[in-house]
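Heads up, the thing below is written out as structure tokens.
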Amino acid sequence: GAVVSQHPSWVICKSGTSVKIECRSLDFQATTMFWYRQFPKQSLMLMATSNEGSKATYEQGVEKDKFLINHASLTLSTLTVTSAHPEDSSFYICSASRPGTTDTQYFGPGTRLTVL
Amino acid sequence: AQSVSQHNHHVILSEAASLELGCNYSYGGTVNLFWYVQYPGQHLQLLLKYFSGDPLVKGIKGFEAEFIKSKFSFNLRKPSVQWSDTAEYFCAVNAGDSSYKLIFGSGTRLLVRP
């Protein structure tokens, strides 16, 4: 299989704090990982594409300094929401693609972030 | 810019009814097409995909989809739905280039009544 995990599954934080979300490919090496945001009753919006060992590519309108992405190894990518505010509350989902089949993405279970 | 439209936001069916969910995309070049399903409380799972070849694609759990290039469509079908098909269904497209970025439709919530 191709299993992707995320940690934590949910987090509640105070406004102004930073939150780190981890995305791991458990049984394969992921050269590329993607970060999405899903608002209630809406679709997934791609935030950024992360390649191992290089800087992430952010989509238009996504603040690089706000959403820090690190892809330090072939099995781990992290998204840090810095100085979180209530409007950052959302469902964050990562996906990973396997070498040789980069056109198919495997999704993690998502992380529910609530900023008070 | 690429976009994906799913016309049915909510669909309610009785068991054994036939299902067709519409998906249209806007992009003039080569595309790869996907349908993902999200069961309640679970993560997105790939239902089926089309890259090339036979435009009628069969996926898991009895689902199939037909790519009609002239209509920019990739509709999902199932001849007889089950209660367990209750889920949200997302159509997605990528441009078939090296970016592998997925553009998702807004999703269709399917409720199957027993």
Say whether the condition of being touching a residue at least 60 places away in the same chain (Cβ under 8 Å), of a type in the set (A, V, I, L, M), away from chain B (no Cβ under 13 Å) and under 19 Å from A:Pro8 (Cα atoms) is met by at least one residue in the stretch A:66-77.
no
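Matching residues to (1) within 28 Å of A:Ala2 (Cα to Cα); (2) away from chain A (no Cβ under 11 Å); (3) without any contact (Cβ under 8 Å) to a residue 60 or more places away in the chain; (4) of a type in the set (D, E, K, R):
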site: B:Ala16; (1), (2), (3), (4): no, yes, no, no
site: B:Glu20; (1), (2), (3), (4): no, yes, yes, yes
site: B:Thr30; (1), (2), (3), (4): yes, yes, no, no
site: B:Gly41; (1), (2), (3), (4): yes, no, yes, no
site: B:Asp54; (1), (2), (3), (4): yes, yes, yes, yes
site: B:Phe63; (1), (2), (3), (4): yes, yes, yes, no
site: B:Ser84; (1), (2), (3), (4): yes, yes, yes, no
Quick check on my filter: what residues within the stretch B:37-60 are surrounded by fewer than 13 Cβ atoms within 10 Å (Cβ to Cβ) and either closer than 17 Å to B:Leu19 by Cβ or touching a Cys at 6+ places or on another chain (Cβ under 6 Å) (or both)?
B:Leu56, B:Lys58, B:Ile60
Using the structure shown, decide if A:Lys55 is part of a loop (DSSP other than H, G, I, E, B) and either among the polar types (S, T, N, Q) or surrounded by fewer than 19 Cβ atoms within 10 Å (Cβ to Cβ) (or both).
yes
Subset of the stretch A:73-91 that is assigned to a loop (DSSP other than H, G, I, E, B) and aliphatic (A, V, I, L, M) - its residue that is modelled with the highest pLDDT:
A:Ala84
When the stretch A:3-46 is checked residue by residue, the ones that are under 17 Å from A:Tyr58 (Cα atoms) and either open to solvent by 70 Å² or more (accessible area, probe 1.4 Å) or in a loop (DSSP other than H, G, I, E, B) (or both) are A:Thr31, A:Met45
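The values are calculated or read from the model by the stated rules, or taken from the named source; none is laboratory data. Keep in mind that what you see is a predicted model, and the values were worked out from it rather than measured. All Cβ positions, even for glycine, are placed from backbone atoms using ideal geometry, and neighbour counts span all protein chains on display. These area figures cover heavy atoms from the full protein model, side chains too; ligands, DNA and RNA do not enter into them. Shrake-Rupley method; radii C 1.70, N 1.55, O 1.52, S 1.80 Å.
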